[in-house]
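The values are calculated or read from the model by the stated rules, or taken from the named source; none is laboratory data. Here the structure is a predicted model, which means the values were calculated and not measured. Ideal geometry is used to build each Cβ from the backbone, glycine not excepted, and the neighbour counts take in all protein chains shown. Just the protein is used for accessible areas: all its heavy atoms, side chains included, with ligands, DNA and RNA removed. Shrake-Rupley method; radii C 1.70, N 1.55, O 1.52, S 1.80 Å.
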Amino acid sequence: MSTQRTPTPPVLELRDIRKSFGTNAVLKGVDLALRPGRITALLGANGAGKSTLIKALSGVHEPTSGEVLLDGDVVQLESPIAASRLGVRTVHQRIDDVIVPGLSVAENLVFEQIALGEAPSVARLGALLPHARRVAAALSLDWSDAFLRKDVFELGIADCQMLLLARALVTKPKVLILDEPTSTLSQSEAEQLFEMILKLRDDGVAILHVSHRLAEIDHLADDIVVLRDGRITATQERPFDFAAAVTSMLGEGAAHDIERLEHLTGDRVALQITGHRIFPESPALSLELRGGEVTGVIGLVGAGKTEFAEHVFGESRGPDAGAMTLHGTPYAPRHPKDAIARGVFLVPEDRAAQGMLPKWSIARTFSLPFLSRFAHGPLLRPVAETTRAAQAIADYGVVATGPGQSVDALSGGNQQKVMVARWMQTPPDVLLLDEPFRGVDIGARREIARRAREQASAGSCVVMLCSDVDELREIADRVLVLVEGRITLDARIDTVTDAEIVQSMTEVA
Ligand SMILES: Nc1ncnc2c1ncn2[C@@H]1O[C@H](COP(=O)(O)OP(=O)(O)OP(=O)(O)O)[C@@H](O)[C@H]1O
Ligand SMILES: [Mg+2]
């Protein structure tokens with residue numbers, strides 16, 4: 001056998017791809033080759049052009065210039081259907097663009113086959129179910145009929161994400177493109193996904209995988225490609241040099257390690273919660289959340305983190321609110337505006353769906369929740385609004401043309417930065433951050449962590465909800481582990497090991 005390794009010819013090749021939106025040049029000449037049986041990780045800061053590149057590859061956007069070759073032939077990917085017929089399948093970053101509400105999971109799963117007349121029509125869900133069941137089983141997805149019948153409207157984001165993935169795999173792709181598929185998944189769902197990806201790779205599929213998580217890239221990728229400001233600035237094979245990759249992604253000076261935390265210890269109770277039930281069948285919780293420190297609440301999907309945050313924020317009452325006091329005064333929010341009036345803010349998990357109005361400028365989006373504060377006075381102070389938004393754009397490194405740009409036209413991660421920044425602009429009494437690092441690049445992640453800690457050291461009670469131990473360590477002083485609405489661990493972060501935290505996350509009652 002020869003030990004010489006001739007590289008397999010690429011299945012998909014991009015040559016000098018350029019894409020502009022009006023005068024905004026986003027892709028400035030990208031060359032990229034994807035080979036069968038290899039996973040290429042695409043790295044880049046928020047706004048670098050990753051999703052735009054993917055859209056050009058999947059028939060969503062027509063490139064301004066450049067060539068796409070499939071198996072050596074120039075092809076026109078003029079529509080998503082054309083691309084997928086050629087075997088180029090994509091799972092996009094924004095799931096709400098592609099999920100069809102009002103249809104069941106089953107219908108969404110085989111939507112394209114229905115459209116092409118290859119599966120029973122939408123009108124006959126009964127006839128469709130066995131087909132959908134076979135498709136799900138072939139992908140090793142343990143989906144019940146009840147789940148397949150559900151309206152996708154009722155699904156959480158993680159389930160939507162899995163559904164779209166499954167949809168991309170209904171027929172075996174030649175090229176699979178995944179735009180931040182894990183940013184909405186829990187650890188165990190992500191692991192399920194990794195297994196699927198690795199199996200597809202071993203089957204010879206060429207995979208392009210976008211992620212901001214280096215550990216995940218290290219686990220999956222055969223090659224790394226870095227996109228910076230619309231150009232490829234680095235390519236690597238194993239062994240990877242992540243420090244170099246981050247430098248070519250963000251520039252010199254950005255690649256320093258995260259500083260070790262100076263741990264804070266809050267001495268003043270901000271929120272006192274007594275007899276609060278997260279789920280009807282879960283025990284009544286009593287706990288104190290202190291100002292002057294960051295409390296990290298960690299748990300798997302379904303642990304009750306988001307519910308807990310929503311109860312504290314007045315978004316829903318929950319089965320049994322118990323009694324809460326804020327700085328010693330009774331606190332019983334019936335609506336988020338009650339919470340906001342008391343200085344209790346929530347940066348929600350599903351930011352795109354909650355509180356981002358299409359066509360609104362960054363500046364307006366930024367002041368939206370605070371408008372009621374000025375309800376009786378002059379309604380808006382546009383100058384102050386613009387100044388604050390411009391400041392946030394600079395601080396968080398939001399890639400935007402300016403405070404007047406509409407939030408729709410921002411990249412996914414930049415939208416998230418705007419949403420996080422908006423709740424950090426006035427010092428809160430209690431700041432609840434639900435998965436704040438989701439989808440943001442490493443630079444913004446550090447900035448968010450730094451800000452959150454800054455606010456805690458100025459006295460705010462900061463509560464971060466997450467499902468990742470590394471993220472928790474980056475920001476928290478105290479850890480609370482939640483399992484099905486119960487607290488299984490409550491400790492200072494520097495007194496517990498990762499193993500202990502993970503252990504308590506899976507503790508059964
Ligand atoms: N439809 C559009 N109209 C105008 N500008 C757009 C449009 N889509 C993207 N852009 C701009 O293109 C740039 C790149 O966005 P893109 O979504 O490709 O970034 P990204 O690398 O995927 O970032 P993220 O990590 O945040 O997902 C951004 O500055 C964005 O404002
Ligand atoms: Mg993107």
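Between 0 and 90 degrees, the angle of helix 125-138 with respect to the longest Cα principal axis of the chain falls at about 80 degrees.
For Arg228, the residues whose amide H sits under 5 Å from its own are Thr233, ignoring neighbours fewer than 5 places away on the same chain, with H placed 1.01 Å from N. When each of the peptides 462-469, 145-152, 30-37 is scored by the mean number of other C-beta atoms lying within 10 Å of its residues, the order from highest to lowest reads 462-469, 30-37, 145-152. Restricting attention to the chain, close to 55% of DSSP beta bridges with both partner residues there are antiparallel.
The relative contact order of the chain comes to 16 percent, based on Cα pairs under 8 Å that sit 6 or more residues apart. With both labels modelled 7 Å from their Cα along Cα-to-Cβ, the Leu139 to Glu67 distance reads 3.5 nm.
Taking the DSSP beta bridges with both ends in the range 114-237, the antiparallel portion is around 55 percent. Distance between the modelled labels on Val508 and Arg85, one decimal in nanometres: 5.1 nm (7 Å Cα→Cβ projection). Counted by Cβ distance under 9 Å from Gly291, the other residues give a net charge of -1, where Lys and Arg count +1 and Asp and Glu count -1. What is the local net charge at Met505, summed over the other residues whose Cβ is closer than 12 Å to its Cβ (Lys, Arg +1; Asp, Glu -1)? Neighbourhood net charge equals -3. Projecting label points 7 angstrom from Cα along Cα→Cβ for Arg334 and Ala394 puts them 4.4 nm apart. With contributions of -39500 (n - 2.57) from each DSSP H run of at least four residues, the per-residue ellipticity at 222 nm computed over the chain stands at -9000 deg cm²/dmol. Note on exposure: Trp143, Trp423 ranked by accessible area (1.4 Å probe, complete protein assembly) read Trp143, Trp423, with the most exposed listed first.
For the range 12-250, a/c is not less than 1.5, where a ≥ b ≥ c are the root eigenvalues of the C-alpha gyration tensor, and a/b tops b/c. That puts it in the prolate class.
Please enumerate, by chain and number, the lysines with C-alpha under 28 Å from the C-alpha of Lys55, excluding those fewer than 8 residues away in the same chain. Hits, sequence-local ones excluded: Lys19, Lys28, Lys172, Lys174, Lys199, Lys359, Lys417. Our estimate of slack between Asp203 and Arg149, defined as 0.36 nm per intervening residue step minus the Cα-Cα distance, is 16.4 nm. Annotation: Asp490 carries an accessible surface of approximately 90 Å², with a 1.4 Å probe and no ligand, DNA or RNA atoms counted. Given R₀ = 22 Å, FRET efficiency for Asp16-Val75 by Cβ-Cβ distance, to 0.05? For R0 = 22 Å, the calculated efficiency reads 0.90.
Counting only protein heavy atoms and a probe of 1.4 Å, the accessible surface of the chain is 52% carbon and sulfur. Annotation: amide H-H contacts under 5 Å for Trp360 (H modelled 1.01 Å from N, sequence separation of 5 or more, or interchain): Val407, Asp408. The value of relative contact order for the range 12-250, using C-alpha pairs under 8 Å at least six residues apart, is 30 percent. Per residue, the average separation of C-alpha pairs within less than 8 Å and at least 6 apart gives the range 411-509 a relative contact order of 22 percent.
Looking at the chain, the accessible area is 44 square angstrom per residue; that uses a 1.4 Å probe and ignores ligands, DNA and RNA. Calculate, for Ser286 and Phe240, the FRET efficiency according to 1/(1 + (r/R0)^6) with r their C-beta to C-beta distance and R0 60 Å; round to the nearest 0.05. Computed FRET efficiency for Ser286 and Phe240 comes out at 0.80. In terms of packing, defined here as the mean over residues of other Cβ atoms within 10 angstrom, the peptides 156-169, 73-86 line up highest first as 156-169, 73-86.
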